Amino acid sequence: MVNDAHRERNAVLSIMTIRTLIVLSSFLWVLFLPSAVLAGQAPIRVVATIFPLTDIVREIGGTRVYVTTLLTGGMSEHTFEPTTSQIRQMAYASLYVRVGAQMDTWGDKLLAAAKRPPVIVTATSGIPLLSVHQQELEWNHRAGGHQHEGDDPHVWLDPVLVRDHVVPAVVDALIRISPKDAPYFRANGGKYILALSRLDQDMRTGIGSLSKKDFIALHGAWHYLAKRYGLRQIAAVEPFPGKEPSAKYLAALVSLARKKRVTTIFAEPQLSAKAAEVIARELKGRVLLLDPLGGEMIRERNGYIPLMRYNLSIIARGMK
Ligand SMILES: [Zn+2]
C-alpha cells in the first residue's frame, strides 16, 4: 500500500518533470535561433559543399543566413559521399554554394531534393582555371603516373581568388534572394574584402621571405596558392586522392625530392599520411599537415581566414 502510493507519487512526479521539460524546451529553442528569426525574419537557408565556403557565406550573410555544410566528418573533398539524411538540408535551401569543376558533384546530386531550385554560386566560375596538377604533369608522366586532364578545382586556397571572385558572387546571390538586405550584405562583403586583403598581404610577406620554393604535398590542392605566392608544388604524393600510390611512384618521388632538396612533405588531415611518412623517412625529413578544409569545431581552423593563417604558418615552418 505504502509502496503503491510511493510508486504513484513517483509516477506523478516524473510526468510533471517531463511536462516541465517539454514546456522549458519549447522556450529554450529560442536561444539557439539566429537573431534574424527573433526579429521576425526567417533566415536564408544556405547549403555549402565545403566548410571554407560555409564560413565565407556567414561572413557576408551575417545574421541573415543559416548555413550548413555537406562535407563533414573529416573526409576529403575527393572521396566524400553525402548521407541520405543530408537530402533534407537541401530541401529548403535558397542558396547552394559549391566549388564546381567536377569536384563536389556529390553535392549536386542532392539538388533534385530541393523544393524550389536554389540560387547557385559556383566558386570556380569566371576564374581562369589551371589544368589539374599542371606543374606536375610532365614529371608525373615520366614517373609513370596517369593523370586525368581537367580543371583544377582548388581555387578557394588562393585568398585573392576568393576576394575577387567568390565574395562578389556570394554578395550578388544573397542580394538576389533578399534585395532589401542589399546594404547589409554589401557592408559585410566590403569588410570581409579588407580582411582578405590583409591576409593576402601577410601571405605575400610570410611566403616571400622563405628560402625554399619547391614542395611536395599529399594531393594537388595547392597550385593556386603556389602560383599566387611564387611557390611550386612539384609533385603530389597521391595523384588520385584517396588512392595509395604505387611503390614505383613513391621511389620516383623520393629521387625527385632529393634532386630538388625537398625534405618536408605536406600531408593533410583528411587523407592518410602513410605514403607521405614513407617518403619523409627515406629523405630523413618530416611530415607537416596542411589543411585545405578546416572545420567548425577545429581550433585555429574554424574559419576561412584562420585556416589560411594556419596554412601560412605550416608553410613557413616547412620551407625555411
Ligand atoms: Zn583537393
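The values are calculated or read from the model by the stated rules, or taken from the named source; none is laboratory data. For clarity, every value in this text was computed on a predicted model and none was experimentally measured. Cβ atoms come from the backbone with ideal geometry, glycine included; neighbour counts cover every protein chain shown.
Could you check, for region 214-235, whether at least one of its residues is assigned to a loop (DSSP other than H, G, I, E, B), under 23 Å from E277 (Cβ atoms) and either of a type in the set (V, I, T) or touching a Gly at 6+ places or on another chain (Cβ under 7 Å) (or both)?
Within region 214-235, the subset assigned to a loop (DSSP other than H, G, I, E, B) is 218-222, 230-231.
Going one step further and asking which of them are under 23 Å from E277 (Cβ atoms), we end up with 218-222, 231.
With either of a type in the set (V, I, T) or touching a Gly at 6+ places or on another chain (Cβ under 7 Å) (or both) added as a condition, the list becomes none.
No, that holds for no residue.
Within region 115-155, the set of residues being away from the ligand (no atom under 16 Å from the Cβ), modelled with pLDDT under 95 and among the small types (G, A, S) comprises A143, G144, G145.
When each of L256, L225 is tested for being surrounded by 15 or more Cβ atoms within 10 Å (Cβ to Cβ), away from the ligand (no atom under 16 Å from the Cβ), aliphatic (A, V, I, L, M) and assigned by TED's automatic domain parsing to the domain that holds K284, the lone residue that passes is L256. Of all residues in region 274-297, those that are modelled with pLDDT of 95 or more and part of a loop (DSSP other than H, G, I, E, B) total 9. Residues in region 236-253 that are within 16 Å of the ligand (Cβ to nearest atom) and either hydrophobic (A, V, I, L, M, F, W, C) or assigned to a strand (DSSP E or B) (or both): A236, V237, F240. Residues in region 86-114 that are in a helix (DSSP H, G or I), more than 30 Å from E244 (Cβ to Cβ) and not hydrophobic (A, V, I, L, M, F, W, C) were compared, and the one that is farthest from the ligand (Cβ to nearest atom) is R88.
Only residues that are aromatic (F, W, Y) and modelled with pLDDT under 95 were counted across region 298-320, and they come to 0.
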